Amino acid sequence: MNRTGLLIILSSPSGAGKSTLARRLMNWDASLRFSVSATTRQARPGEVHGRDYYFTDRAAFSDMVADGQMLEHAEVFGNLYGTPRAAVERAMAEGVDTLFDVDWQGGQQIRASALGPQVVSIFVLPPSLRELERRLRSRGQDDDAVIAERMRKSRDEISHWAEYDFVLINSDLDSTEAELRGIIRAERLRRERQRGLGSFVKSLMEEQV
């Protein structure tokens, strides 16, 4: 027996830990494929085109959306982000699980697409807004105005928590990672995801003993 690949959506407000958790999951299971998004924002120091993001301009991004090449897309802090469809569909058909680091808008669009039945959506909450702000400041990347805007947007992100299949409070990275592993293990074993299960059971029932 084999199975259809999962689409694992991991969302959280900025600073709650989803990118760190995504990296940990990839280290835990090398078979997981990370969905590389396209974006119109400028690359940050150390980011590599094709590994971290597909960096493009607005015109090219808009053409991809118009051609139906994006599984989901959204504008965040003045920049466009989206998931190219073809690679995701190919991985799913091959039984490879794809991990998405997207916001609630992206998650909503993926769940509403034709690929929706294979989605497992997980929302990660911070232990408190005070801790969330501390984590954002500890990055040393943004000024006070940007952090204030990120905190404002965090409340909007958190308001969508009930749209997700699973909600985790990231008070401790190790514990949250263990919970994520458990979710993925269980979702992989769902009856409806396993191809050929019906035929296998039929052969069992017909077996002569």
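The values are calculated or read from the model by the stated rules, or taken from the named source; none is laboratory data. Here the structure is a predicted model, which is why all the values come from computation and not from measurement. Note that we place each Cβ from the backbone using ideal geometry, even for glycine, and neighbour counts take in every protein chain shown.
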(request) Six or more apart or on different chains, Cβ under 7 Å: which pairs go from a residue in the stretch 183-201 that's closer than 16 Å to residue 96 by Cβ and basic (Lys, Arg) to one that's surrounded by 13 or more Cβ atoms within 10 Å (Cβ to Cβ) and modelled with pLDDT under 90? Could you list them? (result) 188/3; 193/3; 193/4; 195/3; 195/4
(message) As an exercise: evaluate residue 97 against (1) within 25 Å of residue 189 (Cα to Cα); (2) more than 12 Å from the chain's Cα centre (by Cα) and give the number of the one condition it does not meet.
(response) (2)
(message) Give me the residue from the stretch 171-202 that is polar (S, T, N, Q) and at pLDDT below 95 and, out of that set, nearest to residue 2 (Cα to Cα).
(response) 194
(request) Determine whether the stretch 96-110 contains at least one residue that is under 20 Å from residue 3 (Cα atoms), crowded, with 19+ Cβ neighbours inside 10 Å and among the acidic types (Asp, Glu). (result) yes
(message) Report every pair of residues separated by at least 6 positions or lying on different chains whose Cβ atoms are under 7 Å apart, first residue within the stretch 7-26 and among the polar types (S, T, N, Q), second assigned to a helix (DSSP H, G or I).
(response) 11/18; 11/104; 11/107; 12/18; 14/136; 14/150; 14/154; 20/173
(request) Out of the residues in the stretch 153-189 that are of a type in the set (Gly, Ala, Ser) and part of a loop (DSSP other than H, G, I, E, B), state the one that is surrounded by the fewest Cβ atoms within 10 Å (Cβ to Cβ). (result) 159
(request) Mind counting the residues in the stretch 154-182 that are closer than 17 Å to residue 19 by Cα and either touching a residue at least 60 places away in the same chain (Cβ under 8 Å) or touching a Pro at 6+ places or on another chain (Cβ under 8 Å) (or both)? (result) 11
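Within the stretch 36-61, track down each residue that is of a type in the set (Ser, Thr, Tyr) and modelled with pLDDT of 95 or more.
Residues satisfying the conditions are 39, 40, 56.
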(message) What's the number of the only condition in (1) more than 19 Å from residue 10 (Cβ to Cβ); (2) surrounded by 15 or more Cβ atoms within 10 Å (Cβ to Cβ); (3) of a type in the set (Phe, Trp, Tyr) that residue 200 fails to meet?
(response) (2)
(request) Scan 2, 27 and give me the residue that is under 27 Å from residue 165 (Cβ atoms) and within 19 Å of the chain's Cα centre (by Cα). (result) 27
(request) Would you mind stating whether residue 150 is surrounded by 17 or more Cβ atoms within 10 Å (Cβ to Cβ), closer than 28 Å to residue 94 by Cα and at pLDDT below 95? (result) no
